[in-house]
1. Can you pull out every residue in the range 75-119 that is under 15 Å from Thr63 (Cβ atoms), at pLDDT 80 or above and in contact with a Pro (Cβ under 7 Å, 6 or more places away or on another chain)?
2. Can you find a residue that is closer than 20 Å to Ser237 by Cα, touching a strand residue (DSSP E or B) at 6+ places or on another chain (Cβ under 8 Å) and at pLDDT below 90 anywhere in the range 333-346?
3. Go through Pro116, Pro130 for me and flag whichever is part of a helix (DSSP H, G or I), in contact with a helix residue (DSSP H, G or I) (Cβ under 7 Å, 6 or more places away or on another chain) and within 30 Å of Cys6 (Cα to Cα).
4. Please go through the range 199-222 and give me each residue that is touching an Asp or Glu at 6+ places or on another chain (Cβ under 9 Å) and in a helix (DSSP H, G or I), ordered by number.
5. Among all residue pairs at least 6 apart or on different chains, which show Cβ distances below 6 Å where the first residue, located in the range 139-168, is in contact (Cβ under 8 Å) with a residue 24 or more places away in the chain and part of a helix (DSSP H, G or I) and the second is open to solvent by less than 90 Å² (accessible area, probe 1.4 Å) and of a type in the set (S, T, N, Q)?
6. Suppose we filter Thr190, Thr242, Thr182 for residues that are farther than 20 Å from Lys137 by Cα, open to solvent by less than 30 Å² (accessible area, probe 1.4 Å) and either in contact with a strand residue (DSSP E or B) (Cβ under 7 Å, 6 or more places away or on another chain) or not in a loop (DSSP other than H, G, I, E, B) (or both); which single one remains?
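The values are calculated or read from the model by the stated rules, or taken from the named source; none is laboratory data. Since the model is a prediction, treat every value here as computed from it, not as a measurement. Note that we place each Cβ from the backbone using ideal geometry, even for glycine, and neighbour counts take in every protein chain shown. Calculation scope for accessible area: heavy atoms of the full protein, side chains included, ligands and nucleic acids excluded. Shrake-Rupley method; radii C 1.70, N 1.55, O 1.52, S 1.80 Å.
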Amino acid sequence: MERSKCCVGVDISKDDFTACLAFGEETAKYSCSSVEKFPNEKRGFNRLMRRVRKQASTHHELTFLMEATGVYHESPAYHLHGLKQRVCVVLPNSIKHYGISLAISSKTDPIDARLPARPGVEREHRLWTPPGKDLRKLRQLTRYVGQLKDQRTAIENLRHSQESGYETAALVARSMKKVLKTINQAIDDTRQEIEQLIAQTPPLSEKLKYVLSIPGLGLHSAAVIIAETQGFEHIRSIKQLTGYAGYDVVMRESGSSVKAKTRISKKGNSYLRAALFYPAMVATRFNPEMKRFYLRINGRNTSKMVGQVAVQRKLLALIYTLWKNEVVYDPDRYKKTAPTKTAEAALDRQ
């Protein structure tokens, strides 16, 4: 006898999460339980499991579905996976787009909890598996470097504003100089740790050689991309990857009255976009293929950032292709790597 489906939709925030059970029926309909809120900690996860066991019987195929929300989804996902439960973590905005397809425009906690439950019953999703220890550590290190750089920029701006004023206090000047020195040292130490981790992980270092064959791409930028995508473990296409990074093109044109500017959504992983910014700048100068692509895109646009974004997107797709196929960069072979013609045409109209 085939087991009927039961999906627990989980909507997670920093301090708590809401959950709702959806049950699949033989008539292709589904029913939902009431929505309940739990603290986003071990006590809340255990309460959720007790509730689920009361409402879902053994003839249900139970799945927990949640959206990847920064790092907040990690604790419940790891906890449930440790309990041998079926866990699905979907890419950001997928639940939102599913709600749009159902013409749901309101946003409340009960609605946000019910939305993940329904697609878990209606559709098949790839089960989530935790990233390996090395990739998890690599992501922690690369994110820490990015956060330190943001702090350094903030202190440098403050220092510049103080020095541009009249008679900066000696204590303030010494303090900022000391803070900057500490941050720079922390960045250097963390970078060394990243390099050591990669060198001591042969599978990672071997596959990175293919990616680093791209002119203009450095080790630390590549490390961020691989860490944030978990080695492209759950990525199945370039379109999915560009959406995950926030490079998907948003167009607003309708009839003769609506002619909004075309742009990228930016509703994705900001660490990926930040990691690709400088490699794209270098590639437009020293990679002949990327330079031609950049000049062609910008030939019809006044803003140079349109070409920069297009190169970033193309670089990300190229990295994915080399990593998956385990081949080195060949400019003739990968001339047609994304953006696709449709995406290029949209970028041209920016």
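1. Hit for the range 75-119 is His81, nothing else.
2. Yes, the conditions are met somewhere in the range 333-346.
3. Pro116
4. If the condition is that a residue be touching an Asp or Glu at 6+ places or on another chain (Cβ under 9 Å) and in a helix (DSSP H, G or I), then Pro203, Leu204, Glu206, Lys207, Tyr210, Leu219, His220 are the ones that fit.
5. Leu141/Thr190; Tyr144/Thr190; Val145/Thr190
6. Thr242
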